[in-house]
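Undergrad: Pasting in a structure now, in structure tokens, and then I'll have a few things to ask.
The values are calculated or read from the model by the stated rules, or taken from the named source; none is laboratory data. Keep in mind that this is a model prediction, so the values were computed, not measured. Because the Cβ atoms are built from the backbone with ideal geometry, glycine has one as well, and the counts that use them run over all protein chains shown. Each accessible area value is taken on the protein alone, full model and side chains, heavy atoms only, with ligands, DNA and RNA left out. Shrake-Rupley method; radii C 1.70, N 1.55, O 1.52, S 1.80 Å.
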Amino acid sequence: MSEQAAQRLEEELRRELREAQAAHSQYLSELEATAEASRAARSSREEGLPGDLDDDPAMTVLTDTSLPDEPRIQVLHQLGPSLSRRDEFIEALLAIVKDRSDSPAVREAALQALGSAAFQVLRFRPHQPAYDDALHDLVADPVPALREAAVGILAQQHDPVVQETLIQGLRGEGSLPVERERAILLLAEDDHLDNLPWLRELYRSGSESVREQSVRFMGSYPDARSTLEGILRDKNESTSVRQQSGASLRHLAPDRFEAVAKEISTDTTDDPEVRTACLTALQHLGDTARVYADTEFVHRMQDVSGDESAPQVAQVARELLERRPDL
Amino acid sequence: MTALKRSTPETDVGARIDALRHLAQGRDELAALLPENLPIYEGRSAAQMGRLRGYLLAAFADTGLPDAALPYVVESLETGHVAYEVAGAAIGLRGLKTPAAGVVAALVRAIDNLSGADATVSFQSYNPAWPYAQPTTALTEVVRTIGHFGVQAQAALPRLEVLAQQRERFSSSVLEEMRRVLDGAGPGHGEHACDAACAGEFCGCVSAVDLGSDDSCCAEMASAEPVEDPTPMRAMLEDQDGRPERFEEFFRGKPSIVAFFYTRCDNPYKCSLTITKLAALQASLEERGLAGALKVTAITYDPEFDLPHRLRLYGSDRGVQFGKDARFFRITSGFQEIRQRFHLSVNYGASTVNRHQTEVYLLNEHGEISASFTRMRWEVEAVLSALEHLFPKPGQAQERAHCPPAP
Amino acid sequence: MSKPVMVRIRKNANQLSPAERDRFTTTLAKLNDQGAGLFKDFREMHRQQLALAQAHGAPGFLSWHRAYLLDLERELQRLDPSVTLPYWRFDQPAPNLFTADFMGRSGALGNVSFSGTNLLRQWQTDGAAGVTREPGFNVQTGRANVINQAITLLLGGDRPNAIFDTGTDQDGFDEMEFNPHGNAHTSFTGSSYIRSRGTAPRDPLFFLLHCNVDRLWARWQWFHNRFDGTQPNTFFFRGSATSTPHTDIGHNLLDTMWPWNNVTGFPRPDNAPRTPFPQVATATAPGPAPTVGDMIDYLGFLNAQSDMNFAYDVPFGVAPT
């Protein structure tokens, strides 16, 4: 970059920062006015604020449930970084999330803010149990987005309480907090559960995207090997599902995948995308030396590389041949 | 009472625990439910196992804690990473009036293990629905148990004093419990007052290791007397490079150490730590010129999933140097044989391990178990010490390993 | 100021050429090697509570992640020297990023699909295949719910010389850990891997997210001339974990950083997956056990020996005012 370009860049950035600073100052003025009005209104309603929050316009506005959503959510967006270090801010967010009478939009914004705060691991430690408690409360919340978010976060942590709720729901022993397909996939994130029967159910009944997810998770279960091979070979199945099935088969049984992938990649009647995915995996992963040592396969690749009826496959075949180690 | 079976619903097992906690002979029957390799635990998920274990351990607070149950309690404190199980162990420990050796250290270790991972739990009933009527947290129960032992846990109080001032680390309920225990202990507890601002480990404060944790050579010792060869095993193995090996052939001719593990273990204080220590042991042997004295091996509980490349990766990631006498194996046939030979404390859900203990074994040159380091934390020095006692260098008399009396 | 040696430039992921994109995805997938590759170490470094404590919620956050990214990038460059880590400019739409040919196209219920030539199809972490990712924004036209770059650079208060973490009023540039960093993560919903701190590295997008975090820090450094860690306006806790004042271990200027320092046992984790820090012929920094402070002068402005041989496409080679 030339010096002039750098100078222009610096000037541009300074201008941006001045504008941002001005906008921020404007926002702080407006916030102060909103906070003043809020205090007055609360005073007239004879509602008090905890003393240490009373002077802080951000906290005053954030905790006033009679205000519209927008100024409250703006507090989170504009001032969240500086507020995030304060215990009372986290506690206020927890209170908002748990308050079912509060606005769903503000509650969702507060939940996102809590998730962001949770990344500050050392600072967040004292709040972790209360955060988990709030998430557990949300599992039965009437707002679907909050319910779904909480169940998703807890399930990803392999939370046994939410897992049990989902399992009971799938068995018909209780209500499901999320749709059935989502419940199965959330449980599938924990490979120490007995998920294979649910995944098979999902594969039989789901959309293409859901079938792709189900075969993805089947890759954690050695008992699913033959199923995955069958799906990979199934020319009636969608490209994307077959490709994922191949990846899952390779994960469980790389030798078996290698054999099947070689067949498919040289089958000129098969789907080009699936053939391409097989070839890509063969040339880059695992024991590539063994792949190249298979002279019959390499010979078939030479035919494939010249087959312009499947140009993408031909291209990948040529790449494979170019990478062949010198003999 | 009807016998519990693998098909017994989880809630019925919970009900059995509740029934036993009120019976005179309850504590021994509860203890009999602890081994994870019992048939009643076959097919259950890891989550179920965690719930059952936590609830079972907590029940000992009502019945008293028998000696047979103590290792399980200490195990859950030392290696538990889920709040419910740790809480259950801490509660169950209150079935003792006097803390056994290593118990206080285990409690302090649990505080470190769960820092940042504490959670609300409840033992009001088995698997209660949320919200809990009687909530508590794991760390609250751990601290409460330190308080339960009173003056007998005095060694932990200076550390607790430091922790009680770390407001940025613990929730208010845990801090309150710490304060309550410290206030109950009275002034002047312990002579090692620590600077409240210090970071604990760097200013001479008492650490978990100093609290009398039993890291001696007191492994379970099989008889050191010569025995006839046991029935030869037919089990076949495959190593991290895909080479087949017969169990009988490999584990002969030289003593071996065998650790059991699996690559999908999600408890950082069990398998990952076991193999990390195995690598450290290997390095120590090298430093002492004993590299050729012992085969260093590990066997996976999960042979269907833990293919050779996964075995190699798991070991090398943790510092294991593979070689002729340093190998990881999966069992390709004869798994039940090995399971019985070692009395493996493992069980399985639908597709993988649902629970296991830490288990490391020293085998002699005939492949017989000479020493075991199971359930509780083991240290490299303890294994080296056992090695020296059991397999002395030529010219040294073989002695039975001698463990100092418990404090 | 000019640079006499080739500096590896990190670029905007949304502007990569198809060839650059494919080299990156192929190399990253090879490093993953379906769970059998070195990538596993990087995943493990950002998983358990004690490991996360080494890098989050205290001032070492930015240094640790700078080292983390550089470590990964050097491993990628062992496989393909032409590859650098691209950054996801999360305060702008990035439609080219969320495609089947790049970081994957999200479908129903968090399913992420890749094209046949995209080796990320073989991605595997924690014993399971693929990625779960549900964006909370329209990936074609929208952006993450984060403060924009200009506001980020103003973090630390109204003063023109923003201070990187004080011990008094707690204002500092590292506030960005909450937003935009935290908000970039939480702009994905539910069970998305990237949404939670313990699972985030399971999604390869995580590294592009953090590359932008690092770029923002680099930008802040450049704009405010913050390359000297010994100055109070760059770093507050300038001693070690036993100094007065001090903060958590691993977050003071003179503290070495886990795992590269190979220190294990509480308060560090029980093992150290990556140690020592990889050394390369093209740069002498950082050393095998870098400190928090070692990561600050990454361009070698104060000390040429500190040059780590990477930079961002904007601005490169510009001396601070």
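Undergrad: If you take every DSSP beta bridge whose two residues both sit in the protein assembly as shown, what share of them, in percent to the nearest 5, is antiparallel?
TA: Numbers: 32 of 46 bridges.
Here the share of antiparallel DSSP bridges comes out near 70 percent.
Undergrad: Which residues, if any, in the range A:161-193 lose at least 50 square angstrom of accessible heavy-atom surface (probe 1.4 Å) when the other protein chains sit next to their chain rather than the chain being alone?
TA: A:GLU164, A:ARG182, A:ASP191, A:HIS192
Undergrad: Let me ask something else about it. Measure off, as a whole percent, the carbon and sulfur share of the 1.4 Å-probe accessible area of the range A:55-126, all protein chains present. Can you show the working numbers first?
TA: Details: 1100 of 2280 Å².
Here it works out to 48 percent.
Undergrad: Let me ask something else about it. Would you please classify the overall shape of the range C:8-312 from the alpha carbon gyration tensor, given that a ≥ b ≥ c denote the square roots of the eigenvalues, rounded means a/c under 1.5, and beyond that prolate means a/b larger than b/c while oblate covers the rest? Let's see the in-between values first.
TA: Working: a/c = 1.57, a/b = 1.37, b/c = 1.15.
Cα axes put the range C:8-312 in the prolate bin.
Undergrad: Report, in degrees rounded to the nearest 10, the 0 to 90 angle that the Cα long axis of helix C:205-224 makes with the longest principal axis of chain C.
TA: Tilt relative to chain C: about 30 degrees.
Undergrad: Which of the pairs B:LYS5/B:LYS277; A:LYS262/B:LYS324; A:LYS235/C:LYS11; B:LYS97/B:LYS270; C:LYS11/C:LYS40; A:LYS98/B:LYS97 have their Cα atoms more than 32 Å apart in this structure?
TA: Numbers: B:LYS5/B:LYS277 36 Å; A:LYS262/B:LYS324 34 Å; A:LYS235/C:LYS11 40 Å; B:LYS97/B:LYS270 29 Å; C:LYS11/C:LYS40 25 Å; A:LYS98/B:LYS97 41 Å.
Cα-Cα > 32 Å for B:LYS5/B:LYS277; A:LYS262/B:LYS324; A:LYS235/C:LYS11; A:LYS98/B:LYS97; rest within.
Undergrad: Cα gyration tensor of the protein assembly as shown, axes a ≥ b ≥ c as square roots of the eigenvalues: rounded (a/c below 1.5), prolate (a/b > b/c) or oblate?
TA: Values: a/c = 1.42, a/b = 1.11, b/c = 1.29.
Judged from the Cα gyration tensor, the protein assembly as shown comes out rounded (a/c under 1.5).
Undergrad: As a test, work out the antiparallel percent of DSSP beta bridges whose residues both lie in the range C:8-312, rounded to the nearest 5. Let's see the in-between values first.
TA: On the way: 8 of 12 bridges.
Antiparallel bridges: around 65 percent, rounded to the nearest 5.
Undergrad: What's the buried accessible area, both sides, between A and B using a 1.4 Å probe, rounded to 100 Å²? Walk me through the numbers before you get to the answer.
TA: Values: alone 17650 and 18240 Å², together 33590 Å².
Summing both sides, the interface buries roughly 2300 Å².
Undergrad: Along Cα→Cβ, 7 Å out, is where each label goes; now give me the distance between the ones at A:ASP55 and B:LYS324 in nm to one decimal.
TA: 7.8
Undergrad: Give the separation of the Cα centroids, the range A:174-194 to the range B:124-141, in Å.
TA: 23
Undergrad: Can you give the FRET efficiency to the nearest 0.05 for A:THR295 and C:THR282, using r as the Cβ-Cβ distance and R₀ = 30 Å? Numbers along the way, then the final one.
TA: On the way: r = 39 Å, r/R0 = 1.31.
The formula returns an efficiency of 0.15 here.
Undergrad: Which whole-number percent is the relative contact order of the range A:194-252 (Cα, under 8 Å, 6+ apart)?
TA: On the way: 69 pairs, mean separation 20.8, N = 59.
Relative CO of the range A:194-252 lands at 35 percent.
Undergrad: About its Cα centre, what dipole magnitude does the protein assembly as shown give when the only charges are +1 on Lys and Arg Cβ and -1 on Asp and Glu Cβ, stated in debye to the nearest 20? All intermediate terms of the calculation are to be shown ahead of the outcome.
TA: Details: 104 positive and 143 negative charges, 248 e Å.
Dipole of the protein assembly as shown, to the nearest 20 debye: 1200 debye.
Undergrad: For chain C, report the accessible area per residue in Å² (1.4 Å probe, heavy atoms, rounded to an integer). Numbers along the way, then the final one.
TA: On the way: 9270 Å² over 321 residues.
So chain C comes to 29 Å² accessible per residue, rounded to a whole number.
Undergrad: State whether chain A is rounded, prolate or oblate according to the following rule on the C-alpha gyration tensor (a ≥ b ≥ c being the square roots of its eigenvalues): a/c under 1.5 gives rounded; otherwise a/b larger than b/c gives prolate, and the remaining case gives oblate. Each step should come with its number before you reach the end.
TA: Values: a/c = 3.45, a/b = 1.77, b/c = 1.95.
Cα axes put chain A in the oblate bin.
Undergrad: Using the charge dipole of the protein assembly as shown (Lys, Arg: +1 at Cβ; Asp, Glu: -1 at Cβ; taken about the Cα centre), state which of A:HIS127, B:GLY349, C:GLY172 has its Cα farthest towards the positive end.
TA: B:GLY349
Undergrad: Another question, if that's okay. I need to check one value: relative contact order of the range C:8-312, counting alpha carbon pairs closer than 8 Å and at least 6 residues apart, in percent. Walk me through the numbers on the way to the answer.
TA: Numbers: 596 pairs, mean separation 59.7, N = 305.
Taking the mean separation of contacting Cα pairs over the length of the range C:8-312, I get 20 percent.
Undergrad: Further question: Return the long-range amide H neighbours of C:ASP255 (sequence gap of 5 or more, or a different chain), with a cut-off of under 5 Å between placed amide H atoms.
TA: Amide H to amide H, under 5 Å and 5 or more residues apart or across chains, C:ASP255 pairs with C:VAL292, C:GLY293.
Undergrad: Additional query: State the percentage of accessible surface on chain C attributable to carbon and sulfur atoms; use a 1.4 Å probe and exclude ligands, DNA and RNA.
TA: Working: 4790 of 9270 Å².
After summing per-atom areas, the C and S share lands at 52 percent.
Undergrad: Now for a different question. Please give me the summed charge of the neighbours of B:GLY150: other residues whose Cβ is under 13 Å from its Cβ, Lys and Arg +1, Asp and Glu -1.
TA: Net charge around B:GLY150: +3.
Undergrad: Estimate for me the total accessible surface buried between chains A and C (protein heavy atoms, probe 1.4 Å, no ligands or nucleic acids), in Å² to the nearest 100.
TA: 6300
Undergrad: Just to confirm my numbers, what's the Cα centroid distance between the range A:261-292 and the range C:277-315 in Å?
TA: Taking the Cα centre of each part, the range A:261-292 and the range C:277-315 sit 41 Å apart.
Undergrad: Right, something else. Would you mind getting the accessible area per residue of the range A:260-327, heavy atoms of the protein chains only, 1.4 Å probe, in Å²?
TA: Details: 3240 Å² over 68 residues.
Ligands and nucleic acids excluded, the result is 48 Å² per residue.
Undergrad: Continuing with this model, one more query. What value, in deg cm²/dmol to 500, does the helix sum -39500 (n - 2.57) over DSSP H runs of n ≥ 4 give at 222 nm once divided by the residues of the protein assembly as shown? Don't jump to the answer; show the numbers that get you there.
TA: Details: 41 runs with 464 residues, N = 1055.
Helix contribution divided over all residues of the protein assembly as shown: -13500 deg cm²/dmol.
Undergrad: Okay, moving on. R0 = 41 Å: FRET efficiency of A:ALA37 with B:ALA129, Cβ-based, nearest 0.05? Write down the numbers at each step before the final one.
TA: Details: r = 43 Å, r/R0 = 1.05.
In this case the efficiency is close to 0.45.
Undergrad: Still on this model: By how many nm would the segment from B:SER7 to B:ASP112 grow when fully extended, if each residue of separation counts as 0.36 nm and the alpha-carbon distance is taken off?
TA: Length difference between fully extended and current span is 34.1 nm.
Undergrad: In debye, nearest 20: dipole of chain C around its Cα centre with unit charges on the Cβ of K, R (+) and D, E (-)? Don't skip to the end; give the middle numbers.
TA: Working: 28 positive and 30 negative charges, 152 e Å.
Result for chain C is approximately 740 debye, rounded to the nearest 20.
Undergrad: For the range A:129-204, with all protein chains present and a 1.4 Å probe, just round the carbon and sulfur fraction of the accessible area to a whole percent. Write down the numbers at each step before the final one.
TA: Numbers: 1300 of 2610 Å².
Whole-percent figure for carbon plus sulfur exposure: 50.
Undergrad: Something else now. Nearest 100 Å² is fine: what is the total accessible surface buried where chains C and B meet, probe 1.4 Å? Walk me through the numbers before you get to the answer.
TA: Values: alone 13170 and 18240 Å², together 29740 Å².
About 1700 Å² of accessible surface is lost on pairing.
Undergrad: Let me ask something else. About its Cα centre, what dipole magnitude does chain B give when the only charges are +1 on Lys and Arg Cβ and -1 on Asp and Glu Cβ, stated in debye to the nearest 20?
TA: On the way: 40 positive and 52 negative charges, 133 e Å.
That gives chain B a dipole magnitude of about 640 debye.
Undergrad: Quick one: Debye curve from the alpha-carbon atoms of the range A:260-327 only, equal weights, vacuum; give me log10 I(q)/I(0) at q = 0.24, 0.25 Å⁻¹ to two decimals.
TA: Here the Debye-derived log intensity ratios amount to -1.02, -1.12.
Undergrad: Another question, if that's okay. Please compute the modelled spin-label separation between B:ALA293 and A:LEU28, points set 7 Å along Cα→Cβ, answer in nm with one decimal.
TA: My value for the distance between the label points is 6.9 nm.
Undergrad: Right, another one. Accessible area drop of at least 40 Å² (1.4 Å probe, protein heavy atoms): which residues of the range C:231-258 qualify, relative to the chain alone?
TA: Listed in order, they are C:HIS246, C:ASP248.
Undergrad: Right, something else. Accessible area drop of at least 10 Å² (1.4 Å probe, protein heavy atoms): which residues of the range B:327-363 qualify, relative to the chain alone?
TA: B:ALA350, B:SER351, B:THR352
Undergrad: Taking only protein heavy atoms and a 1.4 Å probe, what accessible area per residue, in Å², does the range B:6-102 have with all protein chains in place? Please report the intermediate quantities before stating the final value.
TA: Numbers: 3290 Å² over 97 residues.
With the other protein chains kept in place, the range B:6-102 gives 34 Å² per residue.
Undergrad: Using a cut-off of 11 Å between beta-carbons, work out the net charge of the residues near B:THR358 (Lys and Arg +1, Asp and Glu -1, B:THR358 not included).
TA: On the way: positive: B:LYS270, B:LYS277, B:ARG375, B:ARG377; negative: B:GLU75, B:GLU78, B:GLU359.
Once all neighbours under 11 Å are counted, the net charge is +1.
Undergrad: Sticking with this one: Taking the 0 to 90 degree range and rounding to the nearest ten, how far is the long axis of helix A:239-252 tilted relative to the main principal axis of chain A, both from C-alpha atoms?
TA: For A:239-252 against chain A, the angle is about 80 degrees.
Undergrad: Also: If I take R0 = 56 Å and measure r between the Cβ atoms of B:LEU23 and A:THR268 in this structure, what FRET efficiency does the formula 1/(1 + (r/R0)^6) give, to the nearest 0.05? Numbers along the way, then the final one.
TA: Details: r = 74 Å, r/R0 = 1.31.
The formula returns an efficiency of 0.15 here.
Undergrad: Kindly express, to the nearest 10 degrees and within the range 0 to 90, the angle between helix A:208-218's C-alpha long axis and the longest C-alpha principal axis of chain A.
TA: 80
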